[in-house]
Every structure is written in structure tokens, then in C-alpha cells.
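The values are calculated or read from the model by the stated rules, or taken from the named source; none is laboratory data. Keep in mind the model is a prediction, meaning the values are calculated, not measured. Positions of Cβ are generated from backbone atoms using ideal geometry, with glycine treated the same way; all protein chains shown enter the neighbour counts.
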Amino acid sequence: MKSKLAITSLLTAITASLCCIAPVLALIAGTSGFASTFSWIEPFRPYLIGLTIVVLLFAWYQKLKPEKEIDCECETDEKPKFMQSKTFLGVVTVFAIVLLAFPYYSSMFYPNSEKQIVVVDKSNIKITEYKISGMTCASCEAHVNHEVNKLNGIVNSKTSYENGNAIIEYDKTKTNEAEIEKAINATGYKVTDKKEN
């Protein structure tokens with residue numbers, strides 16, 4: 001029972017952070033479009049975090065509560081199996097905390113894709129804001145920036161999941177709005193609108 005509680009808490013922690021883990025896995029696997037697959041989980045994240053905490057607290061309560069004394073001449077000094085030990089529950093607790101905090105440090109898994117751009121003519125620089133749907137955390141921002149910065153001619157890319165947008169500064173002689181939109185859509189998030197700044 002106690003090991004089942006630990007495994008349940010681990011599964012809820014994984015599920016709670018799946019929307020932010022998926023973009024990193026997509027980057028590693030090289031399948032950018034996979035990134036937004038689990039973004040529908042984001043509204044349920046607070047409930048999944050709460051469930052993880054409740055299950056972990058109950059598992060620790062079950063593990064630490066004093067056992068009832070039984071009048072018996074039996075020997076009960078048998079060590080519990082690893083999956084039923086405090087060590088296993090401790091490992092699961094630490095792993096669950098690491099998973100729940102994943103959205104806050106996930107951007108470190110993305111390589112630095114900023115480039116040194118030499119601009120010959122400032123009149124060629126254009127800034128366009130793209131409204132994007134489906135982003136839920138900093139990992140989504142890093143994923144969009146990573147894909148856009150692969151394009152030639154990108155001067156600066158600033159994405160915000162909170163604002164649901166990306167402001168892209170680029171050299172219009174080297175790339176265009178259609179190419180940038182295509183790169184953003186390739187991540188699995190969708191451009192819903194764009195406007196020149």
C-alpha cells in the first residue's frame with residue numbers, strides 16, 4: 001500500500017509537469033511539433049500539484065505512524081523491502097519536488113541560440129509581433145526562441161507565454177514574416193495573429 005502511494009505521487013508529479021517536460025523532450029528527440037501536445041494539462045496543474053502533495057503527506061503519515069503493539073512472541077525484526085522503506089519514499093519525495101519545480105528551470109535545457117548579427121543597413125531591420133496560442137510556461141518560450149533563432153537574419157527574439165506573444169526583430173533581406181511564422185508553427189504552438197511594430 002505504502003509503495004503504491006509513493007508511485008501514485010510520482011505519477012501525479014510527472015503529469016503536473018508534463019506540459020513543460022514535453023518541449024524539452026521534443027528538443028532532445030528533434031520533433032519540434034510534439035512540444036504543445038500536453039499543453040491542455042496546464043489548467044489542471046494546480047490540482048495535480050495538490051494531489052501530489054496530499055498523496056505524499058499521506059504516504060509519509062502511513063510510514064511514520066507508530067505501529068500497534070501485538071502481544072506475540074514472534075520475531076518482527078525483518079527489514080522492509082526497499083520499495084516499502086523510508087529511503088524509497090524519500091527518493092520519491094525528492095524526485096516529485098524536482099518534477100514539480102521543472103517549469104522554473106526547464107529553459108536551461110535549451111542551447112543558447114543567440115547569434116552575433118552584423119547589420120549592414122538599419123533600414124532593413126523590421127520588428128513584428130506574433131500572437132501565439134498554446135504556450136504555458138518558460139519552457140514553451142525557450143522552445144519558440146530556439147526554433148526562431150535557427151533562421152538566418154534574426155536579430156532578436158523575445159517570447160512571453162504570459163502575454164502569448166513573440167516579438168521578433170529581423171533583417172528583412174535575409175528572412176520574412178512567413179518563414180518566422182512557419183518556424184513558430186513548427187513548434188506545435190500556433191500563430192493566431194501578427195502585426196508590425
Subject >> The listed residue being surrounded by fewer than 22 Cβ atoms within 10 Å (Cβ to Cβ), of a type in the set (A, V, I, L, M) and touching a helix residue (DSSP H, G or I) at 6+ places or on another chain (Cβ under 8 Å), out of Ala178, Ala186 >> reply: Ala186
Subject >> Condition met for Thr136 (modelled with pLDDT of 85 or more and either within 23 Å of Ile53 (Cα to Cα) or among the polar types (S, T, N, Q) (or both)) >> reply: no
Original post:
Can you name the condition, by its number, that Thr136 falls short on among (1) buried (at least 17 other Cβ atoms within 10 Å of the Cβ); (2) in contact with a strand residue (DSSP E or B) (Cβ under 9 Å, 6 or more places away or on another chain)?
Top reply: (2)
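Do you know which residues across the stretch 169-186 are of a type in the set (A, V, I, L, M, F, W, C) and either over 10 Å from Val148 (Cα atoms) or not in a helix (DSSP H, G or I) (or both)?
Our first condition is that a residue be of a type in the set (A, V, I, L, M, F, W, C); within the stretch 169-186, this holds for 178, 180, 183-184, 186.
Across the stretch 169-186, the qualifying residues are Ala178, Ala186.
Could you please let me know if Ser39 is over 18 Å from Val98 (Cα atoms) and at pLDDT 70 or above? Before the answer, list the steps.
On the way: over 18 Å from Val98 (Cα atoms): yes; at pLDDT 70 or above: no.
Judged against the criteria, Ser39 is not a match.
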**OP:** Filter the stretch 159-172 down to the residues that are surrounded by 15 or more Cβ atoms within 10 Å (Cβ to Cβ) and in contact with a helix residue (DSSP H, G or I) (Cβ under 9 Å, 6 or more places away or on another chain), then identify the one that is farthest from Pro103 (Cα to Cα).
**Re:** Asp171
Subject >> Inter-residue pairs, beta-carbon under 7 Å, first under 14 Å from Asn124 (Cβ atoms) and in the same structural domain as Ala142 (by TED's automatic domain parsing) and in the stretch 166-187, second small (Gly, Ala, Ser) and modelled with pLDDT under 90, 6+ apart >> reply: Tyr170/Gly153; Asp171/Gly153; Lys174/Gly153; Thr175/Gly153
